[in-house]
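Notes to accompany the following structure.
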Amino acid sequence: MLDFLGDLKRTHMCGVLRAADAGKRAVLMGWVNRRRDHGNLLFIDLRDRTGVTQVVFNTDRDRVVHAKAETLRNEYVIAAIGTVKLRDANTINPNMPTGEVELAADELRILNESKLPPFLPSDTALTNEETRLKYRYIDLRRDVMQFNIETRHKVAKAIRDYLSAQGFFEIETPFMTRSTPEGARDYLVPSRVQPGTFYALPQSPQMFKQILMISGFDKYFQIVRCFRDEDLRADRQPEFTQIDLEMTYPQPESVWAVVEGFLTAAFAAAGYEIKTPFPRMDYDEAIRLYGIDKPDLRLPPFTDVRECFSAENLQELAINPNLPVIAIRIPKVGELSRKERDDIKPLFHSKGGARVYEDFKRIANKYPAAAEAISKKAGAEPGDLIVLVAGSTEKSSAQSGPQSAVSPHRKVTPQELAIYNSAGLLRLALAQKYAERHQCFQRGDFRFLWVTNFPMFEWDEHEKQWMAAHHPFTSPHEQDMKLLEEGVEALHDPLSPLGAVRALAYDVVLNGTELGSGSIRIHRQDVQRRIFRALGMSEEEAKARFGFFLEALEYGTPPHGGIALGLDRIVMILAGAESLREVIPFPKTARAVDLMVDAPTPVSEAQLRELGVAVKK
Ligand code: ASP
């Protein structure tokens, strides 16, 4: 028989009672986390969001209440009423914040029963993720999940408070809207009242936030859901949350200062202190030093060790003397086993035949003088791993393929880029596989970085045209406008000056992960039109897709810019979680399925008919 709550009021949460509360009357309510039956003594660990308190039912005190307590099972919901008592010295539990006290219960109300759950919140071993996601409400009761979701709340609140104090308004933008290009497919919503037409769920509020700047709101932010239908990679969510902001008349540095400010607040909310301002690095520099546009600064940069070899050495090794010879150094990893060496080979060779991978050990045996010079130049210490990546003297398709123009501004040639990229990938694989295992990375070691001056366009070999590297509303560098003008004349040419146009775009990177990206925007419609043209969009097409936006740009648009950062990822890092699904209350699987509600599902014929939608079998 279940009891009614009646007019009973909770006096304390389950995690708050301390020795100083001894003697007080208390009413606790929560879930039965664990029960231990010692004959005439029955112990219940009672749990809520704040923690656990031991409740004790004693036959000597009250036989009826004790008998009732014996019917309790895991996850029953109860109210326990009694007196707070100090525990005997030998039963104090120093691992529990409430471990010095217990509640000696003289009344029990069973507010609800529970079926035996497929797993228990108190289980130490985790059940498989599918079961966890199907019974998410049980999974979320686990203290790790409670901590993760609390961290999420605290982080979001710190960001809201910070940005509000800086004069930003939080403004909502529509979910049922038109396509905003961010490089993914749209989720579409059919309209019933206008059959055959569709809303798109926003991939980001990009155009709306720019329009808010045109509307005079000066500083906008939103902690906002975005929707992207991507081929799902391991840790992606079709809907995810961004900290999105936009401001008028900014220099890139003004945006960076705002981001550094709210990240400081967010990290402080989770108990971490970070240093600002973050270092900055040019895109070209990042490629040259790390082979990637999101360098992990916890590991040393590349060293070009070409000059450590004699001309004969290079010839014998079939290394191209005109290209960099990159030494990758991973500290404190020690020798690779034969198997580990074999593991990295396919990874490397799959990146095209123009590069060679050289095991340092082999070099050291055959060319001791060169090896010594390399160790010295790379700053190697005993126990460090060095791997070399270089260009091959053999011709290969990778070298003869189309190459983009090299601007006077760009310091890296396409052939060099190929070497740097390979070395960057190899460095990442090595770091992940070995450095973590050997504890080169320490928790709480946060290395932030701004990467700036990205290329404006990327050549798409498949489509044979230029694509926006960021999104098409990003402003080119003012100094590169001439290149843009010239480039528009050579749209389908991989050697077009378009390849040399730099964007006023920036990414904020943390330990090798991109946390967010943004840019100064185009505020002039003539420049915006030219960019659409460079992207191969006709005047009509641009009008059809973005007419409203091009029109808005014609009514006094102030210079503006902004950024968006992934909230889920930030929380994941701060909570020390392994996947985004651990910090999103109701996430989807890698196949974009919600296992708890079982979505997506087919819908009825009638519903489809009403929408004017037919499903092809
Ligand atoms: N809308 C961009 C994105 O979602 C961010 C920005 O440029 O502000 O990546």
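FYI, it's all coordinate maths here, none of it is from the lab. Keep in mind that this is a model prediction, so the values were computed, not measured. Every residue, glycine among them, receives a Cβ derived from its backbone with ideal geometry; neighbour counts consider all protein chains shown.
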Two-decimal log10 I(q)/I(0) for the range 254-303, as the Debye equation yields it once each C-alpha is a single scatterer, q = 0.15, 0.16, 0.23, 0.30 Å⁻¹: -0.54, -0.60, -0.88, -1.03
Dipole of the range 167-215 [Lys/Arg +1, Asp/Glu -1 at C-beta], most positive-end residue of 206, 177, 167: 177
Taking the convex hull of Cα positions in the range 440-529, its mean projected area over all directions (nm²): 7.4 nm²
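Determine the dipole magnitude for the chain: charges of +1 sit on the beta-carbon of Lys and Arg, -1 on that of Asp and Glu, nothing else is charged, the reference point is the Cα centre, and the result goes in debye to the nearest 20.
Values: 80 positive and 85 negative charges, 259 e Å.
About 1240 debye.
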Fraction in percent of alpha-carbon pairs per bin - 10 Å, the chain: 3, 13, 19, 20, 19, 13, 8, 4, 1, 0
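Evaluate the charge dipole of the range 445-523 about its Cα centre and quote only its size in Debye, nearest 20, assuming +1 on the Cβ of each Lys and Arg and -1 on the Cβ of each Asp and Glu. Can you show the working numbers first?
On the way: 5 positive and 13 negative charges, 58 e Å.
Dipole about the Cα centre, nearest 20: 280 debye.
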Integer Hz, Karplus 6.51/-1.76/1.60 couplings in order for the range 215-222, x for Gly and Pro: 7, x, 7, 6, 9, 10, 9, 7
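Using the C-alpha atoms of the range 486-617, what convex hull volume per residue, in cubic angstrom, is computed?
Residue-normalised Cα hull volume stands at 240 Å³.
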Separation of the residue 361 and residue 604 label points, Cα + 7 Å toward Cβ, nm: 6.9 nm
Relative contact order (%) - criterion: Cα under 8 Å, at least six apart; region: the chain: 13 percent
Pair residue 339, residue 440: separation of 7 Å Cα→Cβ label points (nm): 2.1 nm
Stretch in the chain that is longest and holds no chymotrypsin sites (Phe, Trp or Tyr not before Pro) that DSSP places in a loop and that have at most 13 other beta carbons within 10 Å: 5-554
Average projection area in nm² (convex hull over Cα atoms of the range 61-168, one quarter of hull surface): 11.1 nm²
About the Cα centre, charge dipole magnitude for the range 152-225 (Lys/Arg +1, Asp/Glu -1 at Cβ), debye: 240 debye
Amide H contacts under 5 Å for residue 282, placed H, 5+ residues apart: 452
Positive-end residue, the chain charge dipole about Cα centroid, Cβ charges, pick of 459, 222, 156: 156
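Most exposed first by the Cβ proxy, i.e. fewest other Cβ within 10 Å, how do 24, 275 rank?
Listed from fewest to most nearby Cβ atoms, that is 275, 24.
If I take R0 = 22 Å and measure r between the Cβ atoms of residue 514 and residue 579 in this structure, what FRET efficiency does the formula 1/(1 + (r/R0)^6) give, to the nearest 0.05? List each step's numbers first, then the result.
On the way: r = 17 Å, r/R0 = 0.76.
That pair, residue 514 with residue 579, gives E of 0.85.
Using Cα-Cα distances under 8 Å and only pairs 6 or more residues apart, what relative contact order does the range 482-611 have, in percent? Please report the intermediate quantities before stating the final value.
Details: 117 pairs, mean separation 23.5, N = 130.
Rounded, it is 18 percent for the range 482-611.
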Cα-based helix-to-principal-axis angle, 525-534 vs the chain, degrees rounded to 10: 80 degrees
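Please give the FRET efficiency for residue 169 paired with residue 614, using the beta carbon to beta carbon distance and R0 = 60 Å, rounded to the nearest 0.05. It would help to have the intermediate numbers written out before the result.
Numbers: r = 43 Å, r/R0 = 0.72.
FRET efficiency, residue 169 to residue 614: 0.85.
Equivalent ellipsoid semi-axes for the range 124-203, as square roots of 5 times the alpha carbon gyration tensor eigenvalues: give them largest first, rounded to whole Å. Don't skip to the answer; put the middle values down first.
Details: eigenvalues 220, 128, 23 Å².
Equivalent-ellipsoid dimensions as semi-axes: 33, 25, 11 Å.
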Expected-Rg normalisation [2.2 N^0.38 Å, Cα atoms] applied to the range 177-325: 1.56
Theoretical gain in end-to-end length, residue 2 to residue 131 [0.36 nm per residue, Cα-Cα removed]: 43.6 nm
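Which ordering of 14, 440 is given by a fewest-first count of other beta-carbon atoms within 10 Å? If you can, show how the numbers build up before the last one.
Numbers: 14 25, 440 16.
Final ranking by Cβ density, sparse to dense: 440, 14.
Compactness ratio of the range 467-520: Cα Rg over 2.2 N^0.38 Å, N = residue count? Spell out each step's value before the answer.
Working: Rg = 13.0 Å, N = 54, 2.2 N^0.38 = 10.0 Å.
Working it through for the range 467-520, the quotient is 1.29.
By the scheme Lys and Arg +1, Asp and Glu -1, what is the net charge of all other residues having a beta-carbon under 12 Å from that of residue 476? Mind showing how you got there, number by number?
Values: positive: 482, 502, 521, 524, 530; negative: 478, 480, 485.
The answer is +2.
Quick check on the exposure proxy: order 515, 2, 495 from fewest to most C-beta atoms within 10 angstrom.
2, 495, 515
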Helix axis angle, 252-269 relative to the chain longest principal axis, alpha carbon, degrees: 30 degrees
Cα-based helix-to-principal-axis angle, 338-349 vs the chain, degrees rounded to 10: 60 degrees
Length added when fully stretched, residue 34-residue 433, from 0.36 nm per residue minus Cα-Cα: 139.7 nm
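The range 1-140: Rg/Rh from Cα coordinates, Kirkwood Rh? Intermediate results must be reported in sequence, preceding the final value.
Working: Rg = 15.1 Å, Rh = 15.6 Å.
For the range 1-140, the value is 0.97.
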Leading residue at positive end of dipole, the chain (Cβ point charges), from 297, 266, 334: 334
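Quick check: residue separation of residue 273 and residue 116 times 0.36 nm, minus the Cα distance between them. What number comes out in nm? Numbers along the way, then the final one.
On the way: separation 157, 0.36 × 157 = 56.52 nm, distance 4.31 nm.
Stretched out fully, the residue 273 to residue 116 stretch lengthens by 52.2 nm.
Under the rule of -39500 (n - 2.57) per DSSP H run of 4 or more residues, summed and divided by the residues of the chain, what mean residue ellipticity at 222 nm is obtained, to the nearest 500 deg cm²/dmol?
Working: 18 runs with 181 residues, N = 617.
So the helix-based figure for the chain works out to -8500 deg cm²/dmol.
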